[in-house]
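The values are calculated or read from the model by the stated rules, or taken from the named source; none is laboratory data. These numbers were taken from a predicted model, which means no experiment stands behind them. Reconstructed Cβ throughout: ideal geometry from the backbone, glycine too, with neighbour counts over all protein chains shown.
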Amino acid sequence: MGVYYMQVLKEEVRKTIHQAALVEFYEKGFKEASMRSIAERGGMTVGNLYRYFKSKEDLFYDVISPAYHKIIELTEAEDLDLNHPEDGLRFIEHIANQLIAINRAHRAELLILIEGSEGTRFEKGIEEITILLENKFKHNVFPRLDKNDLTNEVDVFFVHVLATNIIEGMKYIMKHCEDELKMSRLIQQFIYYHFHDILERII
């Protein structure tokens, strides 16, 4: 009974720390945030905070990693054959729904990743996600270009521009739209615009 109670108590303390850190990082970003301020937000001493997280970096990782890894998983999802319209439409719907779900659960964390991760292991996280998205396009779209002997440096650069444009567009939507219904519609329109009939449009 005593051991179970202590485990529950520790988990509750971790949740309190997590929420306090989320607010701190959201308001100040990693560089300006402080463990002392996080401890004050969580109603505990700095010493007690360090019993749970040995550094600000570790705490930042604990806060950001779930959202970051969900985005990574989305970019690494199983490839679809966009030569078939029904697969293309399912791909659009899947990507839009997943982005909406991730944003619903982790909007604050995503905004921290976008604007407040300087000085952390996530500092180049958006660049890494862009590269993964580029690779996704190369596997899903450019095999068809290969068959038509159209793949060249211009095509590779086009993939980079397309991936960057999508990431920047999603960043803008998340930063400037707080209404979930409006955001959902914007994300669906944005993804549909980029992927609907993409093969016919770029060849």
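Points worth noting:
- Checking each residue in the stretch 1-44 for being modelled with pLDDT of 95 or more and of a type in the set (Ser, Thr, Tyr) picks out Thr16, Tyr26, Ser34, Ser37.
- Residue match in the stretch 46-59 (condition: over 19 Å from Phe25 (Cα atoms), outside any loop (DSSP other than H, G, I, E, B) and at pLDDT below 85): no
- Identity of the residue in the stretch 95-135, out of contact with any helix residue (DSSP H, G or I) (no Cβ under 7 Å at 6 or more places or on another chain) and among the acidic types (Asp, Glu), that ends up nearest to Thr164 (Cα to Cα): Glu127
- In the stretch 186-203, the residues that are assigned by TED's automatic domain parsing to the domain that holds Arg90 reach residues that are modelled with pLDDT of 80 or more and surrounded by 15 or more Cβ atoms within 10 Å (Cβ to Cβ) with C-beta atoms within less than 7 angstrom, at least six apart or across chains, in these pairs: Leu186/Ile173; Leu186/Cys177; Ile187/Leu99; Ile187/Ile100; Ile187/Ile173; Phe190/Gly169; Phe190/Ile173; His194/Ile166.
- Residues satisfying the stated conditions in the stretch 151-177, i.e. part of a loop (DSSP other than H, G, I, E, B) and modelled with pLDDT under 85: Thr151, Asn152
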